[in-house]
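Structure, as structure tokens:
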Amino acid sequence: MKCPFCGNKEDKVVDSRATAEESAVRRRRECAKCGKRFTTYEYVEEVSLMVIKKDGRREPFDRKKILAGIMKACEKRPISIDKMEDVITQVERNIQKKSDREVSSSRIGEMVIEKLKALDDVAYVRFASVYRQFKDVGQFMAELKDVLSREKRKATR
């Protein structure tokens, strides 16, 4: 494994454990040269999933793209990277449960939205506002009212 800080190829594994979903192994590593620590994830390589984009193009499923969007939505929110990774793992598992190896980008986006809705209201609204491309403030406000009414129902229980 190449150190992301100094490029050295020698390291030692300090800690290994399964992720919450047990779909990957999280390894904490320490560089033998610079001593800095970094984390890697080990996944079983499955048959590659293809994503059908809005314009009809097909490209391989990329966890990093989804993570980038989730990280933006969760910026300055109390959500750990492990929870963000779990969202992606759950979405990926849902896709793989189906026999079809192709999925539309819109379906992936809707799955992420549903997972974020359960995780954090602010992250959910942020992701939904970008993903669903609200046309005006009215659409955005309608979504916020829905979130607020859910919160109100939770508080009265």
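Normalised by the residues of region 1-45, what does the relative contact order come to in percent, with Cα pairs under 8 Å and at least six apart?
The normalised contact order for region 1-45 reaches 33 percent.
For the chain, list the cysteines whose Cβ sits under 4.7 Å from no other cysteine Cβ?
Here Cys74 come out as lacking a disulfide-compatible partner, given the Cβ-Cβ threshold of under 4.7 Å.
So who's got an amide H within less than 5 Å of the one on Ala32, skipping anything under 5 residues away but keeping other chains? H placed 1.01 Å off N, in plane.
Distant-sequence amide H within range of Ala32: Glu10, Asp11, Lys12.
Please return the longest stretch of the chain lacking exposed loop sites, where GluC sites (Glu not before Pro) count only if DSSP places them in a loop and at most 15 other Cβ atoms lie within 10 Å. Show your work: numbers first, answer last.
Working: sites that count: Glu10, Glu21, Glu22, Glu45, Glu46, Glu75.
The reported range is 76-157.
Hey, which lysines would be in cross-link range of Lys53, C-alpha to C-alpha under 18 Å, not counting anything within fewer than 8 residues on its own chain?
Lys64, Lys65
Taking 0.36 nm per residue of sequence separation and subtracting the Cα-Cα distance, how much length would be gained by fully extending the chain between Lys2 and Leu148, in nm to one decimal?
Values: separation 146, 0.36 × 146 = 52.56 nm, distance 4.61 nm.
That pair, Lys2 and Leu148, stretches by 47.9 nm at full extension.
What percent does the relative contact order of the chain come to when contacts are Cα pairs within less than 8 Å and at least six residues apart?
Rounded, it is 16 percent for the chain.
Which aspartates and glutamates does Lys72 reach when only Cα atoms under 18 Å apart count, and residues fewer than 8 places away in its own chain are ignored?
Straight-line reach from Lys72, under 18 Å: Asp62, Asp82, Glu85, Asp86, Glu110, Glu114, Asp120, Asp121.
For a distance above 11 Å, tell me the whole-number percent of Cα pairs in region 1-45 that qualify. Before the final figure, lay out each step's value.
On the way: 613 of 990 pairs.
Here the tail beyond 11 Å accounts for 62 percent of pairs.
Subtract the Cα-Cα distance of Glu59 and Arg93 from 0.36 nm times their separation in residues, and report this length gain in nm to one decimal.
Working: separation 34, 0.36 × 34 = 12.24 nm, distance 1.81 nm.
Computed gain between Glu59 and Arg93 is 10.4 nm.
Every read-out reported here was derived from the displayed coordinates using simple, explicitly stated rules and does not represent laboratory data. Bear in mind the structure is a predicted one, so any value in this text is a computation, not a measurement. In this analysis, Cβ positions are derived from the backbone assuming ideal geometry, glycine residues included, and neighbour counts consider all displayed protein chains.
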